1. Could you figure out which of (1) under 26 Å from A:Gly194 (Cβ atoms); (2) free of Cβ contacts under 8 Å to residues at least 40 places away in the same chain; (3) not aliphatic (A, V, I, L, M) isn't true of A:Gly238?
2. I'd like the full set of residues that are farther than 22 Å from A:Ile203 by Cβ and touching a residue at least 24 places away in the same chain (Cβ under 8 Å), limited to the stretch A:284-308.
3. Surrounded by fewer than 21 Cβ atoms within 10 Å (Cβ to Cβ) and under 15 Å from B:Ala73 (Cβ atoms): does that describe B:Phe134?
4. For the stretch A:71-89, give me each residue that is in contact with a helix residue (DSSP H, G or I) (Cβ under 6 Å, 6 or more places away or on another chain) and in contact (Cβ under 8 Å) with a residue 40 or more places away in the chain.
5. Among the residues of the stretch B:250-258, are any crowded, with 18+ Cβ neighbours inside 10 Å, of a type in the set (Lys, Arg), over 30 Å from B:Leu42 (Cα atoms) and at the interface with chain A (Cβ under 7 Å from one of its Cβ atoms)?
6. Exactly one of these conditions fails for A:Gln209: (1) more than 20 Å from B:Cys202 (Cα to Cα); (2) in contact (Cβ under 8 Å) with a residue 60 or more places away in the chain; (3) surrounded by 22 or more Cβ atoms within 10 Å (Cβ to Cβ). Give me its number.
7. Just to be sure before I move on: is B:Leu279 within 14 Å of chain A (Cβ to nearest Cβ) and buried (at least 19 other Cβ atoms within 10 Å of the Cβ) in the structure I sent?
2 protein chains.
Amino acid sequence: MKSSPLCLVASLLLLAPLVVPAAEPPPAPVKAAPPATMAELLAASQPADWRALDPENTLYLELTNGRVVIELAPAYAPRHVANVKALAREHYWDGLAMLRAQENYVVQWGDPDAEKPALARPVKTAQRTLPPEFERAVDPGLPFVRLPDGDVYAPEVGFSAGFPVARDPRAGKTWLIHTYGMVGAGRDEAVDSGGGTELYVCIGQAPRQLDRNVTLLGRVVQGMEWLTTLPRGTAAMGFYQLPAQRAPIKSVRVAADVPPAERSALELLRTDTPLFQQLIAARRNRREAWYHYPAGRIDISAVPLPVR
Amino acid sequence: MKSSPLCLVASLLLLAPLVVPAAEPPPAPVKAAPPATMAELLAASQPADWRALDPENTLYLELTNGRVVIELAPAYAPRHVANVKALAREHYWDGLAMLRAQENYVVQWGDPDAEKPALARPVKTAQRTLPPEFERAVDPGLPFVRLPDGDVYAPEVGFSAGFPVARDPRAGKTWLIHTYGMVGAGRDEAVDSGGGTELYVCIGQAPRQLDRNVTLLGRVVQGMEWLTTLPRGTAAMGFYQLPAQRAPIKSVRVAADVPPAERSALELLRTDTPLFQQLIAARRNRREAWYHYPAGRIDISAVPLPVR
């Protein structure tokens, strides 16, 4: 398995020009004025700016090519998170497969025989379906770092404990939103027909039209490349036509159940710190020399969530 | 080469639920009230709602796995489009390679030896660099279909002749924007250091911070899956570390130079029609039975541009 912290590398690399730079004359003296660049901010970060993943709320999806690390969001989908952990602990997905890879939309995995009662993998201690957890009441105890530039879809957007969220202060509601790498529980037409046995990950442009239509329960923090590079399925909705086309799932485990030596030692940048506010400022007004026109604004889907 | 119209399929599939639907009872009678669904609108479309690609402004990037079809945008980047066509016509890219695939950002191709004068592929009739074409003056003669829900980055966004664009009416300027599948001319730090010899395609969340920082010159209308599934490069910025990791480019051709029988016969939905307005309405308020909560709004990056 590749162990390079791709998310961080990818985030850092957004700083960089789109062509390999030619040898340049020595740079001009660094501007002293804020905002700094993200690279400068991360280089100056302190241990308290980072948080370790909680092994009890981390999933490892083990594919042939590598490990996908998912942080679960019990504050937003407590029943779905508990159910997905129960499914992992009964080894529900082991030996099942990636079912779907649809260009600019989602990959999805689960039991290809789920609709065939005689063949479907049994669900033992977990639940096959659950009531939806599309939104929750705003809790003043949950941190919320609001972004300053608005949002096309929601009255307010920002970050809460590392996850992208929206809020409607008048309704007193908040919900996880569909950005790149977010993980949700697929469902059929009935809103209570999901539960986590089929999980999907957003692999393209943020499909925000799904917000409050599906229960989101986590986010991929490492290993997106093992999902995004899967061959696209050629049947309707990107499903694979033939069983042999489906990438097998070796296992899905709760990190706490994996021997410590085999865990992915990752830290995520906290989103409730002054440093994260500086990072947002740095990304709204890019100071890297390559940039000609700093946007001065940022969409929530474009805010990096560094991992190391 | 796969010839299925993936863009259309992918767009249509966004209508569909995230889980294979179980066998359902017969659906209730279709609601008569507008807005319809996109599927209904496309089924009712007339020939005049579609336009053929202009072979003189279409590029075929031929990879080992298949063909990537790019529509060029001479109205927005006339010099870059002319230069890219000149490069294709001198077979500049034939035998060169994909240089870079960076997760949730871009893939990029060109000459891996471009910075080594002794080894670099010569540019013959074309130009190696050009002044930037980051924006242009608003031309009342160019159609502009404005989206109703605003934008985080620009005063106005919408579609012009099939391309996603932004406008600043006070400055009288308009520009192509970075959404999924848009094609641009990589550049070094100097704004006039690009010209089209290295081209990139956006493969993840729309990197709107690049707007007006790089010259966009077209959009992939078919074959995105051959780019998005490329293994990610593991060197800085997603560049490949070893030459053997780079997917080779068989050729890049202007469609007009390809025998008619070998061209991809594609039509794109026009964006300056009442039908396209209805499609936007249908995508803002999803009427498909699966949707529990129609967003009532849409981001420009989420508007499908159907291809058949």
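The values are calculated or read from the model by the stated rules, or taken from the named source; none is laboratory data. Please read all numbers here as calculations on a predicted model, not as lab measurements. Cβ placement follows ideal geometry from the backbone for every residue including glycine, while neighbour counts extend to all protein chains displayed.
1. Here A:Gly238 clears every test but (2).
2. Selection gives A:Arg284, A:Asn285, A:Arg286, A:Arg287, A:Glu288, A:Ala289, A:Trp290, A:Arg297, A:Arg308.
3. yes
4. The answer is A:Leu72, and nothing else.
5. No, that holds for no residue.
6. It fails just one condition, (2).
7. Criteria met by B:Leu279.
Quick grid of which residues meet (1) in contact with a Cys (Cβ under 7 Å, 6 or more places away or on another chain); (2) among the β-branched types (Val, Ile, Thr); (3) touching a residue at least 12 places away in the same chain (Cβ under 8 Å):
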{"residue": "A:Tyr92", "(1), (2), (3)": "no, no, yes"}
{"residue": "A:Val106", "(1), (2), (3)": "yes, yes, yes"}
{"residue": "A:Trp109", "(1), (2), (3)": "no, no, yes"}
{"residue": "A:Val123", "(1), (2), (3)": "no, yes, yes"}
{"residue": "A:Gly141", "(1), (2), (3)": "no, no, no"}
